[in-house]
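Peer 1: Sharing a structure below in structure tokens format, with a few things to ask.
Readers should treat all values here as calculations from the given coordinates under stated rules, not as data from a laboratory. Since we're looking at a predicted model, the values are computed, not measured. Quick reminder, even Gly has a Cβ in these numbers, built from the backbone with ideal geometry, and neighbours come from all protein chains shown.
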Amino acid sequence: MSKAVEKLEAALQRLIDGKTYKINNDAVALEAGLKRGSVNKQRPELASLLIKIKEAEQIRTGKATAKEIGANKKAQKKADK
């Protein structure tokens, strides 16, 4: 994992721990000291980070629980086999 991705992962974790107002791509980029738009779909190395950001926002808003997200991941892995 590159240093930039590690920096973004750490920023996401700070936002999750800080119970911020909204967790999105721009919030993670700004928390990591980058410009808005730095976290986007065009960068394949950020694919897993984008999923984690989406899941964190779903948990924050109550649209999903960590348990539900974990179950969905297990089901997806089984389907991929």
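Peer 1: For the stretch 15-56, how many residues meet the condition of being surrounded by 13 or more Cβ atoms within 10 Å (Cβ to Cβ) and either of a type in the set (D, E, K, R) or in a helix (DSSP H, G or I) (or both)?
Peer 2: Total satisfying the criteria: 18.
Peer 1: Follow-up. Pairs please, first residue from the stretch 4-29 and in contact (Cβ under 8 Å) with a residue 12 or more places away in the chain and small (Gly, Ala, Ser), second anywhere and surrounded by 13 or more Cβ atoms within 10 Å (Cβ to Cβ) and assigned to a loop (DSSP other than H, G, I, E, B), Cβ atoms under 8 Å, 6+ apart in sequence or on different chains.
Peer 2: Ala10/Ala32; Ala11/Ala32; Ala27/Thr20; Ala29/Ser38; Ala29/Val39
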